[in-house]
Amino acid sequence: MRKKNEFVKLFANNIKSTYIRKTGPRFGEKIFSLSEVQDNGYARVQVDFIKRTEEKVSTDFRLIRKEVEWRICDVIFEGVSLVNNYRSQINSFLIKSSYEDLVQMLKRRQSE
């Protein structure tokens, strides 16, 4: 359980730092909620972020209801699933290297 908690923390920090670096602190000057669909404990919220350059970036948030809260379980950014993208990268990494190497790589990224 300790290994799982360590991995989840490292992975979450990696995602946060990666996307904050890519989007910048003022990425979405304007945010427009386009639609929301709920079905049997799941939801999809479509959002457009408008950059300062007026470029539109479409994003879908996939959510799951856990007790009384909605939690994001995937983000589809410009048509690419964050979950599927990372799952593929991690699987490819683990084919060539060990779990311990993956954890070390995430720790190195976190310290950069």
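Laboratory data are not the source of any read-out in this text; all were calculated from the coordinates shown. The structure presented is a predicted model; accordingly, all values stated were derived computationally and were not measured. Glycine also receives a Cβ, built like all others from the backbone with ideal geometry; neighbour counts cover every protein chain displayed.
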(request) Anything in the chain that counts as a DSSP H helix reaching 20 Å or more along its axis (C-alpha) with Kyte-Doolittle mean of at least -0.5? List them, would you? (result) 82-96
(message) With 10 angstrom as the radius, rank Glu78, Glu67, Glu6 by how many other C-beta atoms surround their C-beta, starting from the fewest.
(response) Glu67, Glu78, Glu6
(request) Report the full-extension gain for the segment Lys56 to Ser35: residue separation times 0.36 nm, less the Cα-Cα distance, to one decimal in nm. (result) 6.0 nm
(message) Could you compute Rg(Cα) / (2.2 N^0.38 Å) for region 2-112, with N its residue count?
(response) 1.24
(message) Take the residue pairs Lys16/Lys56; Lys51/Lys96; Lys4/Lys56 and return only those whose Cα atoms are more than 30 Å apart.
(response) Lys51/Lys96; Lys4/Lys56
(request) Would you mind telling me which residue in Lys51, Lys66, Lys30 has the biggest mean-square fluctuation in a Gaussian network model of the chain, where springs connect alpha carbons within a distance under 10 angstrom? (result) Lys66
